[in-house]
Amino acid sequence: MSKNDEESSPSLRVATIADAQELLAVYDPYVRKTAITFEWETPSLIEFRQRIKQTLQRYPYLVAECDGSILGYAYTNPVGSRAAFAWCAETSVYLREDVRGRGIGHLLYAALECLSAAQGLTRLYARVACTEQVDSYVTDDSLLFHHKMGYEQVGLMKACGYKFDCWYDLAILEKRLSNSKFAQEFIPFPQLSAEILSSCGVYQSSCE
């Protein structure tokens, strides 16, 4: 690998509220042009900032960047609000349109999985929009990505999302992080040490 290639390799860090506008720009095309997200309207910048802040209270929210430009982001969120759900989480990842297919999603997901295991989680889930007949709003790319990352489909919600005058299914995919018989203590993301973040390939942003 050349020096230029090394300098162009993306790095992963923890997101901050200051990233909101750039992250929202990444997310916006997914809302307007795809059924990958079931949101009909792009959230406001104020709302998006609040989402980042709320997620980071307990879960990782990561960005991939290169030369100061954000290429994509990924995060986990609770699967449910009941106490018994504490040891599993739902994953999300969004990439800038012009950087797909470069392995950035893999980097983000691998880091999420590493951090989630350090938090004591045993399962990660992804909900992926799909349809029996692929159209211009949903492809098989997300399903293929998750299968490549070791996720297995464990359920399917039929025709549960309506967008662009069409019904879409939602595949439920699962990845097991631990076979432990008993639950470990859940560690909120802010309590993970810098050493753990570094071991997962993530650095803590210095700006808030």
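Coordinate-derived values only; no laboratory data. Predicted model only: the values in this text are computed from it and were never measured. We place every Cβ from the backbone using ideal geometry, glycine too, and count neighbours over all the protein chains shown.
Straight distance only, please: which aspartates and glutamates reach the Cα of K163 with their own Cα at less than 13 Å, same-chain residues fewer than 8 apart left out?
Cα-Cα hits under 13 Å: E39, E41, D135.
Among A171, I104, T37, which residue has its Cα furthest toward the positive end of the charge dipole of the chain, with +1 on Lys/Arg Cβ and -1 on Asp/Glu Cβ?
It is A171.
Arrange D169, D140 by Cβ neighbour counts within 10 Å, fewest through most, would you?
Placing the least packed residue first, the sequence is D140, D169.
Take the alpha carbon gyration tensor of the range 111-208, find the square roots of its eigenvalues, order them as a ≥ b ≥ c, and report rounded if a/c is under 1.5; if not, report prolate when a/b exceeds b/c, else oblate.
Since a/c reaches 1.5 and a/b is larger than b/c, the shape of the range 111-208 is classed as prolate.
Between the range 54-93 and the range 14-33, what is the C-alpha centre distance in whole Å?
Measuring centre to centre over Cα atoms gives 13 Å.
Of E22, E132, E65, how do they rank once you tally other Cβ atoms within 10 Å and put the fewest first?
Going from least to most buried by this count: E132, E22, E65.
Report the calculated FRET efficiency for C166 and Q50 (r = Cβ-Cβ distance, R0 = 22 Å), to the nearest 0.05.
So the FRET efficiency works out to roughly 0.15.
Going highest first, how would you order 141-152, 40-51 by mean Cβ packing within 10 Å?
141-152, 40-51
Taking the chain as a Gaussian network, Cα atoms linked when under 10 Å apart, which of E90, E195, E113 shows the biggest mean-square fluctuation?
The residue with the greatest mean-square fluctuation here is E195.
Would you be so kind as to identify which of T55, L23, S69 lies farthest towards the positive end of the dipole of the range 1-81, taking Lys and Arg as +1 and Asp and Glu as -1 on Cβ and the Cα centre as origin?
Value computed over the given set: T55.
Can you give me the three principal axis dimensions of the range 1-109 from its C-alpha atoms, in Å, biggest first?
Dimensions of the range 1-109 along the principal axes of its Cα atoms: 50, 31, 25 Å.
Return the calculated 222 nm mean residue ellipticity for the chain, to the nearest 500 deg cm²/dmol, obtained by summing -39500 (n - 2.57) across DSSP H runs with n ≥ 4 and dividing by the residue count.
Using -39500 (n - 2.57) per qualifying helix, the result is -8500 deg cm²/dmol.
So, with +1 on the Cβ of K and R and -1 on the Cβ of D and E, and no other charges, what is the size of the charge dipole of the range 127-173 about its Cα centre, to the nearest 20 debye?
Once rounded to the nearest 20, the dipole reads 180 debye.
Quote to one decimal, in nm, the extra length available between A84 and E39 on full extension: 0.36 nm per residue of separation minus the C-alpha distance between them.
That pair, A84 and E39, stretches by 13.4 nm at full extension.
Under 1.5 on a/c is rounded, so check that first for the range 85-151, then, if it is not, pick prolate when a/b is larger than b/c and oblate when it is not; a ≥ b ≥ c are the square roots of the alpha carbon gyration tensor eigenvalues.
Cα axes put the range 85-151 in the oblate bin.
Please give the net charge around V138, taking every other residue with its beta carbon less than 12 angstrom from that of V138, where Lys and Arg add +1 and Asp and Glu add -1.
My count for the surroundings of V138 gives -3.
Whole percent per 5 Å bin, from 0 to the bin with the longest distance: what is P(r) over all C-alpha pairs of the chain?
P(r) for the chain, in whole percents per bin: 1, 7, 15, 19, 20, 18, 12, 6, 2, 0.
Between Q133 and E174, what is the label-point separation in nm under the 7 Å Cα-to-beta-carbon projection?
Here the answer is 3.2 nm between the modelled labels.
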